[in-house]
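The structure under discussion appears below in the form of structure tokens.
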Amino acid sequence: MDYTDLYIDGGWHKTDDRFDVINPATEEVIASVASADISDADKALDAAEKAMADWAARTPRERSEVLRKAWELMTARLDHFAHLITLENGKAGADAKGEATYAAEFFRWFAEEAVRADGMITHAPASGARILVQHKPAGLAVLITPWNYPAAMGTRKIAPALAAGCGVIIKPASETPLTMLALMPLLEEAGVPPGLVNVLPSRRTGALVDHMLHDPRVRVVSFTGSTGVGRKLLKSAADQVLKPAMELGGNAPVVVLEDADMDTAIEGTMLAKMRNLGEACTAANRIYVHENIAAEFTKRLTERMSALKVGDGTDPSVDVGPLVNADTRDKVAAFVADAVAKGAKIECGGTTPEGKGFYYPPTVLSNVSEDADCVQDEIFGPVAAIQTFSDQEEVIRLANKTEYGLVAYVFSADFKRALQVCERLDYGMVGLNRGLVSDPAAPFGGTKQSGLGREGGHEGMLEFMETQYISASW
């Protein structure tokens, strides 16, 4: 691979300590990547602090034009990034191209938002003083990204941080660092100044991140990943009272009401379940179908899942690639075994294939028990776990019966009824008659243990800004 070293202050830095990146389709090593240590983190922080002073002083339009150029350059190279995503993450080519397109769009959206950090001037009602409110760059930001979206989870953080005027240090997941490293020459070409964006792959994630979160120059931490890790980061962030933006775990319910259009419900469930092979916090995890339509729904979903072709994602005819690593595959298999032991029926799939690659087949389970492990925790794989319900109050209770609150999905032909159900679901996002909620123009985030703050939309940029109020008389 071309870019496998640390990216600090606009240059590439080799280290003696390196780690391997594995292709999950073949289990072969595809690259040896530099592993950052504390001294590298200090160099990156120094570089970002210096670069941010000039970047924050630029006009919003200047920052906007750089982000717009980044969108144009990435859009022109979607196939390149999609191929790299498939190699290190495993997802099928079409899925990888979709991610690359989605990732690029954050640059365009925040190019437009960079010029819209609107403030306010008004009179204080009692004193008559002028109230001036403005938004300013919060400071250096540490961005920690997961392996399931190697491009999009990075651009979803980089773009708003740059739009706000901040410098950043990125710690990509050790399983998938190559895509983020390959993005750096593109940002250089777009006009991002040296030092403003730094990338530190490392197999010492805990110590490295903890060190940066205790540096007084860091003011924001943005993390996408598990709730367990998020809790630890929040504890570290508390020592300096950092601004946290946390997109954590999910346990998404799909509610298919009796009056749902079956075609819409099947298409939406397939998208919510199988986008990114189910390796997403937004993936459908608990599928609740009204008992009067459950048989038809299960039959049709099984037909669709059974028809998906499994294989190496570099093959254009493949629909479903491998899971990211052996641990993830084995966890998915354990979820299925546990569900079956508790009474579930395997409608299709359900058996780990032999041979190289971390594959698991698209699987449908019916008659899943409420106490099955896959109902209580994220499956993070291609397993559709179907349960039935008899009345609306029951399914709302079941859907909300989790510590997570990222996203839910509702299918109903009665729009008024559907909105009433949506409003009673304790989730930050709801997909109504659709299986996709992610959009750069929308505020992405959850309630309860699924996180703090929002990414995307106008709110995404404000996560990297502080509000300043000036009381003035003249």
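See the values below:
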item: Within segment 1-53, tally of residues that are touching a Ser or Thr at 6+ places or on another chain (Cβ under 8 Å), free of Cβ contacts under 8 Å to residues at least 40 places away in the same chain and aliphatic (A, V, I, L, M); result: 0
item: Qualifying positions in segment 1-25 - buried (at least 17 other Cβ atoms within 10 Å of the Cβ), among the hydrophobic types (A, V, I, L, M, F, W, C) and out of contact with any Lys or Arg (no Cβ under 9 Å at 6 or more places or on another chain); result: Val21, Ile22
item: Only listed residue being under 22 Å from Asn276 (Cα atoms), surrounded by fewer than 24 Cβ atoms within 10 Å (Cβ to Cβ) and not charged (D, E, K, R), chosen from Thr351, Thr363, Thr388; result: Thr351
item: First in segment 443-467 and closer than 15 Å to Met153 by Cβ and touching a residue at least 40 places away in the same chain (Cβ under 8 Å), second anywhere and of a type in the set (A, V, I, L, M, F, W, C) and open to solvent by 60 Å² or more (accessible area, probe 1.4 Å), Cβ under 8 Å, 6 or more apart; result: Gly445/Leu452
item: Residue satisfying all of: in segment 316-325; open to solvent by less than 60 Å² (accessible area, probe 1.4 Å) and not hydrophobic (A, V, I, L, M, F, W, C); farthest from Val375 (Cα to Cα) among these; result: Ser317
item: Residue count for segment 74-97, restricted to those that are of a type in the set (D, E, K, R) and within 16 Å of Met184 (Cβ to Cβ); result: 2
item: Residue list for segment 234-271, filter: among the hydrophobic types (A, V, I, L, M, F, W, C) and within 17 Å of Ala307 (Cα to Cα); result: Ile266, Met270, Leu271
item: Matching residues, segment 376-385, being surrounded by 23 or more Cβ atoms within 10 Å (Cβ to Cβ), out of contact with any Phe, Trp or Tyr (no Cβ under 7 Å at 6 or more places or on another chain) and of a type outside the set (Phe, Trp, Tyr); result: Ala384, Ala385
item: Any pair with Cβ under 8 angstrom, 6 or more apart, that starts in segment 174-192 at a residue that is within 21 Å of Glu62 (Cβ to Cβ) and β-branched (Val, Ile, Thr) and ends at one that is at pLDDT 95 or above and open to solvent by 10 Å² or more (accessible area, probe 1.4 Å); result: Val192/Val66
item: Ala408 being open to solvent by less than 30 Å² (accessible area, probe 1.4 Å), out of contact with any Cys (no Cβ under 6 Å at 6 or more places or on another chain) and over 30 Å from Ala114 (Cβ atoms); result: yes
item: Check on Lys331, surrounded by fewer than 21 Cβ atoms within 10 Å (Cβ to Cβ), farther than 25 Å from Lys401 by Cα and not aromatic (Phe, Trp, Tyr); result: no
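The values are calculated or read from the model by the stated rules, or taken from the named source; none is laboratory data. Being a predicted model, the structure only gives us computed values, none of them experimental. Cβ sites come from the backbone with ideal geometry, for glycine too, and all protein chains shown count toward neighbours. Note: areas computed on protein heavy atoms with side chains; ligands, DNA, RNA excluded. Shrake-Rupley method; radii C 1.70, N 1.55, O 1.52, S 1.80 Å.
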